[in-house]
Every structure is written in C-alpha cells, then in structure tokens.
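Student: Below you will find the structure I want to go over with you.
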Amino acid sequence: MEIGPFVEGAPADGGEGYSGRVTPFVVLSCVVAGSGGVLFGYDLGISVDVCLIGGVTSMDSFLKRFFPKVYRQKQDSKVSHYCEFNSELLTVFTSSLYIAGLVATLAAASITRRYGRRTSMLIGGTVFIAGSVFGGAASNVPMLLVNRILLGIGLGFTNQSIPLYLSEMAPPRYRGAINNGFELCISLGILFANILNYFVIKIRAGWGWRISLSMAALPAAFLTISAIFLPETPSFIIQCDGNTDKARVLLQKLRGTTSVQKELDDLVCASNLSRATRYPFKTILKRKYRPQLVVARLISFFNQVTGINVMNFYAPVMFRTIGLKESASLLSSVVTRLCATFANIIAMMVVDRFGRRKLFLVGGVQMILSQFTVGAILAAKFKDYEEMDDAYAYLVLITMCVFVAGFAWSWGPLTFLVPAEVCPLEIRSAGQSIVVAVVFLMTFVIGQTFLEVLCRIKSMTFFVFGGWICLMTLFVYLFLPETKKLPMEQMEQVWKKHWFWKKVLGEEADKKEAEAEAGKRALSGL
C-alpha cells in the first residue's frame, strides 16, 4: 500500500503477528483517560482566554469587576472593532496559564517516564481542582492569576501524559480513532463550557461567572478519582520493573486474546532500550531521532499558526455586527463548537481508514481557502466603525465554521496523535513534552501579540495565517510518512523507506551495521 507520492508503504494489517480486538476494557480505560481532554476544553471555553472571547470575558459583569478598561473599550463606538479587546493586562493574565503549562509539561516528562502515565494524570487533575477553587472564589486579579497558573500546571501534566496513555493502550489498527478521542473530549469540554456560559450570563445579579469558573472542578474530579482505578500501560509496566508476566496478563485483557506474544516481544525490546536511556531530552537530539524531533517540533508549532485562535476570536465579533448583544459571543461559540465536535467524530471514524496524511492535506486545503475567503470579505466589507451587511456577516460565519471543521478533523487531533505514535518508547515522554511545550509557548506568543497585530494590520491577519497553512501543508506532503495501523514498536521502518529521511538516517545505519559486522568477524577470528 502506498503511503504517499514520496514514501513506500507500511503494513496496513495492524502489525505482523499482532492479534486481538477492541475490548470493553480498553474502551473503558481510554474513555476515562481521554476525559482529561475535557479539562483542557472546559478551560478554553470557560476562562478568560483572549483568543476565545466566547468565555467569561463576554460577560459584562466579569469585565467590569476585573478588566474595566476592556469593558469601556467595548462600549466606546469610537474604538475599532479590531481593537476593542486590546489590553496588556488581559493578555498577560491569560498568557500566564500557558507559561505555567510549558514549565509543568517539561517536569511532567520525567515524572511520566519514572512513575507512570497514571501518576501524571492524578497530579494534573488534583492541581486543576485547586485552581478551580481559586477561580470560583476570586475577588481580585491576583486570585485569578493563581487560578490560571494552577490550571496551567494541571493541563501541562494531563496533556503530556494522556496522549501517551491512549497511544500505548490502543490496538495498532485503531490507535488513530482512540487517540482522536482526546481531541473530541476537548471539543466537548469547550461545548459544555459555552452552553453553561450562555445560561449563567442570564443571572441578573452578575455572579454567573463564579459558577462557570468553579464548575471546572467537576471534570477534574472525575479524572482524578477515575485515574486511581486505571491500569498502567503494558509499555510502562515492562519499562518500570520488567514484569513481563504482569504485562502479558494486561495485554491479554486489553486485546481479548491469549495470542499476544509478538506484541509482548516488541514491547520488551523497546523497554530494554528505554531503560538504557538515562536522559531522554538529550537522547532525542541524536541523529537517529532526527525525524521524530522535527515532527514533534513542527507539527506542534504549525498547530498554533493555523489561525484557529483568530477564527474563534472573530466569530463573536461577526455575531455582534448583525445585531446580537451580550450573548452573541457565547451563541457563536456554541455554533462553531458544534461544527468542530461533528468534525471530530468524523475524524475518529476515518483516521485509521484513510490515514493521517490525507486528513492533514484535506484539512490544510480547507483551512487555506477559508482563511483567504474571510480575509478578502473583511478587507472589502468590514470597516473599523461600521456594521457589516447581514449577508456578508453570515457568509463569514459559514466560512469560519468550515475552517473550524477542517482544523477539527486534521491539525486539531493529529497534533497529539502523530508525535506520540512516531516516537519510540525511550524518547516518547520527552517527545510528547516537546509537543505540549511548543503548543503552550506558541499560544503564549500569539496571546501576547495577536490583539496588537490584529489592531494594526486588521484583515491582513487572515492572509498571514493562510500563508502559514500553505507552508505546513507542503511540509506534510513532502516530509510526513503515513503511520496508520503500524505498531509503535515498528515505527522506525517508515523513516527508512521515506524518500528524504532515509538519506538522513541511511548513512548512519549503514555505518553502524558495518561496524557490528566487523566486530563479529573480529570475534570469530579469535
């Protein structure tokens, strides 16, 4: 089977010698773990993230209390639509979560590797609960800052460990669908938060935002309590103490068959190499891991320069221009999130059938056309101080929904799936930490600069992001091999068969093979 125009095929049978099926046990374990995505989604949907203005920052009562400058700008007809949310305090405040998450995910790498994926989930869920308490009880900006920092730490741990857990528990032929469940949970978390915001905004006393912020403790409590009863992954069991009997029993339970020897042998080989690796972050810099390092860095970087945050930000603005008032941003968030959730479900259904590359490419083209279309309409019809005609406003909103759907079945879920499955066990925790850290870093950078850039270059912002999507789609077309249905322990073969990466790895592999052969001849001559 052909992987792409520049890549020879990889096995599509789920791995040579592998057997088994999707059992209720593996589904239950992955559903519980994947529910951690609800934490990330709920925080994005509920909190004061400047890039997702459909959260509590749409509530006038919240802005009056904590960010009066932004509230006054929203009411001032002389302030451009492009500039009404431009506030240094608001951007610094929201960005604190991503800096905390960046630092936390780097620390989580060693904890996940040493103490297990489940331990990191427990730590993340517990810290997230503490952050929710500070949010619901906040009476000043410093308390909100503590809320954001604790939430960032919690997300740093859960986002680092959950994709690894899902990838290692899932059967190879269904790994894409199960791992994409994490992105689906993120979308559901945002959707639940948007719906809750829409109703609590109607509380006339003006304290509805406290309900929104404190309710984040519910999904965190569910994950924390449930994680206590989750099994560790077979990979970690073997890596931690070499207990192959325990790993065999778990594999048989996960796969629903006693024929797990081939998969167990591959896990043992991978774990032996992993135990010999003392410094994963140093190891991942070696030439033999160059493809994995490049993929982990660039895919996570490209995830944030798609402009998804721009689209999520501007949907509420479009609704306000067609006459809706305070509830406009919340309603628009619900609409766009429903589109994203539907697209996530489609992605789960087709990712293991059509592969990662096709979803990347189709989603990329879809987002390119959407960005350029929105930019052109805004440049022609959306002025600084005037309302847009209803017909054009609805066209922009439809285009935004198309964009969000394209992201939701491509760069959204695949950003967490592909790096987790291409990294071998010895660098897997480090690779996933790099992914999460780059996502948080780029979100911080965009959060700090986006509103100022938008205020200055206006509709050109959409063309800039459209250009980035062109570049990243070309990267996938040329340099990303297909990985569907291939066991993670056999993933190295896709790089050796790729038209470009085999040149990077081939010389070193040939050299090592020649040295090993020479060593054998020397020993035989003694």
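Student: Could I have the simple spin-label model distance between residue 264 and residue 448, label points 7 Å from Cα toward Cβ, reported in nm to one decimal?
Tutor: The answer from the label model is 5.1 nm.
Student: In a shell of Cβ-Cβ distance under 15 Å around residue 411, excluding residue 411 itself, what net charge do Lys and Arg (+1) and Asp and Glu (-1) give?
Tutor: Its environment carries a net charge of +3.
Student: Continuing with the same structure: Using label points projected 7 Å from each Cα along Cα→Cβ, tell me how many nm separate residue 362 and residue 115, to one decimal.
Tutor: With each label placed 7 Å out from Cα toward Cβ, I get 4.2 nm.
Student: I'd like to compare 35-44, 218-227, 402-411: which one has the highest average count of other Cβ atoms within 10 Å, and what's the full order after that?
Tutor: Details: 35-44: 28.1, 218-227: 20.6, 402-411: 26.5.
Answer by packing, highest mean first, reads 35-44, 402-411, 218-227.
Student: Something else now. As a test of reading the structure, rank 503, 262 by solvent-accessible area (1.4 Å probe, protein chains only), most first.
Tutor: Numbers: 503 130, 262 80 Å².
Greatest to least solvent exposure: 503, 262.
Student: Still on this structure, I have one more. If R0 is 30 Å, what FRET efficiency do you get for residue 203 and residue 225 from their C-beta distance, rounded to 0.05? Present the calculation step by step, with values, prior to reporting the outcome.
Tutor: Working: r = 29 Å, r/R0 = 0.98.
That gives a FRET efficiency of 0.55.
Student: Continuing with this model, one more query. So what is the relative contact order of segment 163-229, in percent, for Cα pairs below 8 Å that sit 6 or more residues apart? Numbers along the way, then the final one.
Tutor: On the way: 22 pairs, mean separation 11.4, N = 67.
Over segment 163-229, the number comes to 17 percent.
Student: Using the alpha-carbon centroid of each, what span in Å lies between segment 486-503 and segment 429-484?
Tutor: The distance from the Cα centre of segment 486-503 to that of segment 429-484 comes to 25 Å.
Student: Taking the highest mean first, how do the peptides 486-496, 427-437, 115-125 order by number of other beta carbon atoms within 10 angstrom per residue?
Tutor: Listed from highest to lowest mean packing, they are 427-437, 115-125, 486-496.
Student: A further question on this structure: Roll a 1.4 Å probe over the protein chains and send me the accessible area per residue for segment 112-253 in Å².
Tutor: Working: 5130 Å² over 142 residues.
On a per-residue basis, segment 112-253 sits at 36 Å².
Student: In what sequence, highest mean first, do 274-284, 415-425 appear when ranked by Cβ atoms within 10 angstrom? All intermediate terms of the calculation are to be shown ahead of the outcome.
Tutor: Values: 274-284: 15.4, 415-425: 25.7.
With the highest mean Cβ count within 10 Å placed first, the list reads 415-425, 274-284.
Student: Roughly how many percent of the accessible protein surface of segment 233-277 is carbon and sulfur, given a 1.4 Å probe and a whole-percent answer? Display every interim value, and only then the final one.
Tutor: On the way: 1010 of 1990 Å².
Using a 1.4 Å probe with all protein chains present, segment 233-277 comes out at 51 percent carbon and sulfur.
Student: Which whole-number percentage describes the relative contact order of segment 233-277, with Cα contacts under 8 Å and a sequence gap of 6 or more? Could the numbers behind the result be given before it?
Tutor: On the way: 34 pairs, mean separation 19.1, N = 45.
Relative contact order, segment 233-277: 42 percent.
Student: Next question. Sort all Cα-Cα distances of segment 169-257 into consecutive 10 angstrom bins from zero, then give the percent of pairs in each bin up to the one containing the longest distance.
Tutor: Cα pair-distance distribution for segment 169-257, in percent: 13, 29, 27, 16, 11, 4, 0.
Student: Can I ask one more? Quick check: from the Cα gyration tensor, does segment 233-277 come out rounded (a/c under 1.5), prolate or oblate?
Tutor: It is prolate, given that a/c is not under 1.5 and a/b is the larger ratio.
Student: What share of Cα pairs, in percent, lie more than 28 angstrom apart in segment 86-239?
Tutor: Values: 2952 of 11781 pairs.
Taking all Cα-Cα pairs of segment 86-239, the fraction more than 28 Å apart is 25 percent.
The values are calculated or read from the model by the stated rules, or taken from the named source; none is laboratory data. Since we're looking at a predicted model, the values are computed, not measured. Here the Cβ is made from the backbone with ideal geometry for all residues, glycine too, and neighbour counts use every protein chain on show. These area figures cover heavy atoms from the full protein model, side chains too; ligands, DNA and RNA do not enter into them. Shrake-Rupley method; radii C 1.70, N 1.55, O 1.52, S 1.80 Å.
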